[in-house]
Structure formats: C-alpha cells, structure tokens
Ligand code: SF4
Ligand SMILES: [Zn+2]
C-alpha cells in the first residue's frame with residue numbers, strides 16, 4: 001500500500017499549528033532563558049550616537065538609548081513573527097533599574113550636551129503602563145523637555161489614546177511617536193506579521209497624535225514572512241502611498257533575521273531570502289514622486305514626508321543583500337538617499353546581478369508561488385542546483 005504523503009495538500013484533519021505557538025517556542029528555550037537572566041538590569045542595553053536631522057531639517061547628532069525592559073506586552077501574550085526583542089529583555093526590571101539605566105545613559109554623554117535629539121527605545125512601548133512604570137515615563141518626558149531635546153519614543157497603537165496623550169503632552173508638549181505599523185494591510189498584519197492590531201487602530205492613533213500636534217513616524221516592514229520579493233515590492237509601494245500624507249517620517253525597515261524568530265526558522269530552511277537591495281532601489285524610485293510630487297529633494301517645499309530606508313545588516317546574508325560584490329555601493333546609495341532625498345544618489349549603480357533580480361521579480365509576477373522563487377543563499381547557481 002502506498003504510504004500517505006508527508007505533506008498532504010489539504011491537511012490531515014488534525015488541528016493546525018497556531019502561529020502563536022511558532023512565535024513563542026524559541027523564547028522558552030533554555031538558551032533564551034539563560035540569556036535573559038545574564039543582563040545587568042541597571043545598565044542600558046546600548047547607548048550610541050548617529051548623525052540625524054531635526055524636524056526642521058537641520059542636521060544634528062542624535063543619541064539613541066536602548067533600555068533593558070520587561071519587553072512588549074504584545075509579546076507576552078503573542079508576538080510579531082520577526083521580533084527578536086525578547087533576546088534583550090528581562091522580566092524583573094524595576095522602576096529603580098530603569099532610572100539607573102537612564103542616569104547611566106545621561107552620564108555617558110554628559111547630559112546629552114552635544115546631542116539635539118534623543119531616541120528612547122524600550123523593546124516595546126514607552127507609554128504602556130504595564131511595561132514601563134508611569135514614574136519612569138514621566139522622567140523621560142520631563143528630562144527631554146527640560147534639556148530642550150527633540151524626543152522620539154516608540155509605541156504600539158493601543159496606548160495612544162486621548163487620555164494618555166493629554167497626560168504626556170502636559171509634561172512634554174512636543175515629541176515624536178514612532179509606530180511599528182509594518183504594513184498598511186489588514187491581511188498582512190494578521191497572517192504575515194501577527195501584529196495584534198489593525199490598520200483602523202493605526203488610523204485612530206494618528207488622529208489622536210495629530211490632535212495633540214505630535215510628530216508621527218511610521219515604520220513599514222519590507223518583505224514580511226510568507227511573501228515573495230515581487231509582492232513585497234508592490235505592497236510596500238502601496239503602503240507608502242497610503243501613509244505618506246499622515247506621517248512626518250516613513251522608515252522602511254527591510255527585513256533582517258533576528259535569532260529565535262519565525263523568520264529565522266524560515267531562513268534556516270531556505271524558505272526565505274531577505275530582500276534584494278535592488279528591490280529597495282526600485283521601491284524608492286517608484287515612490288519618490290509621492291514623497292516629492294514636484295520632483296524635489298529633502299528640505300524642498302514639495303516634501304510630503306521624509307522617507308528613510310536603513311538596511312540593517314545590509315550586504316549580509318541575514319540582511320538585505322545582492323550578489324556580494326555590489327552590496328556596499330548600493331547600501332551606501334540607499335543611506336545617502338535617506339539624508340538627501342535625491343534620486344541622483346542612484347545614478348550609475350550597476351551590476352550583473354541586477355538582471356538576476358529583475359528576472360526573479362518578473363517570474364514571481366507570472367507564477368503564483370506564495371513564498372517566491374528567490375534563491376535563499378548566495379553562491380554559484382550550479383552548486384545550489386547540485387546540492388541535495
Ligand atoms: S509590537 Fe513591536 S516589540 Fe511588540 S512583539 Fe511586535 S515588533 Fe516586537
Ligand atoms: Zn551585484
């Protein structure tokens with residue numbers, strides 16, 4: 001008798017695996033538990049400075065303070081498919097610990113004397129009372145206001161209620177809230193990202209932020225799991241168009257693989273290739289006239305929003321990459337565009353791998369393959385075909 005197929009197309013009638021269980025499994029492994037307990041709760045995860053531009057377009061230096069926290073409340077109950085923040089948190093961080101971390105960050109940079117912008121990231125939402133004690137939220141808001149610094153915090157949508165924003169703006173009347181929207185598409189939010197909120201909740205959060213005159217930064221994810229390269233490109237263009245008018249800044253995060261996540265598992269199984277850098281270039285070319293309707297560049301009158309694309313781990317196998325030889329040049333052009341907003345940054349970029357990328361994207365538009373056909377690894381095509 002023929003053996004039953006190990007991968008029956010219509011399933012076996014057993015209950016399917018829930019994405020929730022796939023997301024949670026690695027966080028409960030001994031290595032993840034041991035790592036969490038290894039952190040010193042009175043030291044911030046990291047503090048560093050980068051060049052930035054202020055809201056009015058003036059170049060400045062920004063300090064980024066990444067705090068060691070209890071992590072994100074959505075992660076406690078479920079979690080996003082690509083989020084590896086659980087690697088950096090510990091569940092017993094107290095108000096005193098957070099104040100000690102903040103003091104250490106300020107000491108390291110002399111009360112942020114030389115930085116005009118302060119980004120405070122908590123591996124979750126700063127304004128969420130279950131994650132961050134209210135006293136500490138207040139310290140960050142007040143300190144940055146008193147020091148006269150432009151403050152950026154991150155948040156999910158559900159915290160951004162009228163009541164919470166009224167409380168926060170009474171302490172600091174002007175700051176930026178960065179929201180990890182990831183996709184302006186409910187199906188993608190639910191089935192690819194497991195985000196736990198909908199586009200309608202982002203709409204509501206934005207209305208509230210606008211009512212309090214707060215700046216809005218929107219993060220979009222380029223190529224979430226279970227998506228082909230061509231779909232990623234076409235969708236991200238649509239999402240940028242959908243959010244541009246309502247976002248002061250749009251930061252597109254090309255997927256990078258973080259340890260212990262669903263996307264990490266797909267990547268190890270050769271079922272996912274991080275985005276091509278060429279896709280990011282094409283995406284920028286396709287949306288430039290949405291960001292600058294009159295063909296201008298950053299700082300010009302026609303600017304609708306600011307588009308930032310920062311390929312984390314760009315050029316590496318676990319980040320956006322091309323063939324390996326042109327990566328450095330393409331990453332540099334993309335990063336220059338985030339500052340200048342000028343299409344001239346991409347002039348003269350060329351490599352033979354662009355044809356490979358273009359062929360893959362064209363084929364994916366013809367073939368209904370949900371995971372796409374991108375080669376998951378670099379290397380000689382012949383070797384890949386010969387490998388078992
Ligand atoms: S909402 Fe943000 S911090 Fe929370 S699980 Fe998702 S990506 Fe991670
Ligand atoms: Zn190349």
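The values are calculated or read from the model by the stated rules, or taken from the named source; none is laboratory data. Because the structure is predicted, anything quoted here is derived from the model rather than measured. In this analysis, Cβ positions are derived from the backbone assuming ideal geometry, glycine residues included, and neighbour counts consider all displayed protein chains.
Only residues that are part of a loop (DSSP other than H, G, I, E, B) and surrounded by 16 or more Cβ atoms within 10 Å (Cβ to Cβ): list them for the stretch 279-295, please. Scanning the stretch 279-295 gives a single hit, 292.
Scanning the stretch 164-204 for residues that are farther than 19 Å from residue 243 by Cβ and buried (at least 21 other Cβ atoms within 10 Å of the Cβ) yields a total of 3.
Residue 138: under 21 Å from residue 232 (Cβ atoms) and assigned to a helix (DSSP H, G or I), yes or no? Considered against the rule, which asks whether it is under 21 Å from residue 232 (Cβ atoms) and assigned to a helix (DSSP H, G or I), residue 138 comes out as no. Remark: residue 321 falls outside the filter, which requires a residue to be at pLDDT 95 or above, away from ligand 2 (no atom under 16 Å from the Cβ) and touching a helix residue (DSSP H, G or I) at 6+ places or on another chain (Cβ under 9 Å). Scanning the stretch 338-375 for residues that are crowded, with 19+ Cβ neighbours inside 10 Å and free of Cβ contacts under 8 Å to residues at least 40 places away in the same chain turns up 338, 345.
Scanning the stretch 103-141 for residues that are exposed (fewer than 14 other Cβ atoms within 10 Å of the Cβ) and in contact with a strand residue (DSSP E or B) (Cβ under 9 Å, 6 or more places away or on another chain) yields one hit, 114. You will find that of 139, 161, 122, 207, the residue that is away from ligand 2 (no atom under 16 Å from the Cβ) and under 16 Å from residue 247 (Cβ atoms) is 207 and no other. Against the criterion of being in contact (Cβ under 8 Å) with a residue 40 or more places away in the chain and under 15 Å from residue 250 (Cβ atoms), residue 288 qualifies. Checking 243, 252 one by one, the residue that is crowded, with 16+ Cβ neighbours inside 10 Å and in contact with a helix residue (DSSP H, G or I) (Cβ under 7 Å, 6 or more places away or on another chain) is 252 and no other. Screening 211, 166 for residues that are touching a helix residue (DSSP H, G or I) at 6+ places or on another chain (Cβ under 8 Å) and either farther than 22 Å from residue 90 by Cα or at pLDDT 95 or above (or both) leaves exactly one candidate, 211. Screening the stretch 175-202 for residues that are part of a helix (DSSP H, G or I) and closer than 25 Å to residue 141 by Cβ and picking the one that is nearest to ligand 2 (Cβ to nearest atom) gives 202. Any residue at all in the stretch 325-337 that is assigned to a helix (DSSP H, G or I), surrounded by 19 or more Cβ atoms within 10 Å (Cβ to Cβ) and touching a strand residue (DSSP E or B) at 6+ places or on another chain (Cβ under 8 Å)? Looking for residues that are assigned to a helix (DSSP H, G or I), surrounded by 19 or more Cβ atoms within 10 Å (Cβ to Cβ) and touching a strand residue (DSSP E or B) at 6+ places or on another chain (Cβ under 8 Å), one finds at least one in the stretch 325-337, hence yes.
Scanning the stretch 263-278 for residues that are in a helix (DSSP H, G or I) and crowded, with 24+ Cβ neighbours inside 10 Å yields 263, 277, 278. Inspect the stretch 88-100 for any residue being modelled with pLDDT under 95, in contact with a helix residue (DSSP H, G or I) (Cβ under 6 Å, 6 or more places away or on another chain) and surrounded by 15 or more Cβ atoms within 10 Å (Cβ to Cβ) and give the result as yes or no. Yes, the stretch 88-100 contains a residue that is modelled with pLDDT under 95, in contact with a helix residue (DSSP H, G or I) (Cβ under 6 Å, 6 or more places away or on another chain) and surrounded by 15 or more Cβ atoms within 10 Å (Cβ to Cβ). What do you reckon, is residue 214 without any contact (Cβ under 8 Å) to a residue 12 or more places away in the chain and away from ligand 2 (no atom under 16 Å from the Cβ)? Answer is no for this residue. Residues in the stretch 178-189 that are within 13 Å of ligand 1 (Cβ to nearest atom) and either closer than 17 Å to residue 160 by Cβ or free of Cβ contacts under 8 Å to residues at least 24 places away in the same chain (or both): 178, 179, 180, 181, 182, 189.
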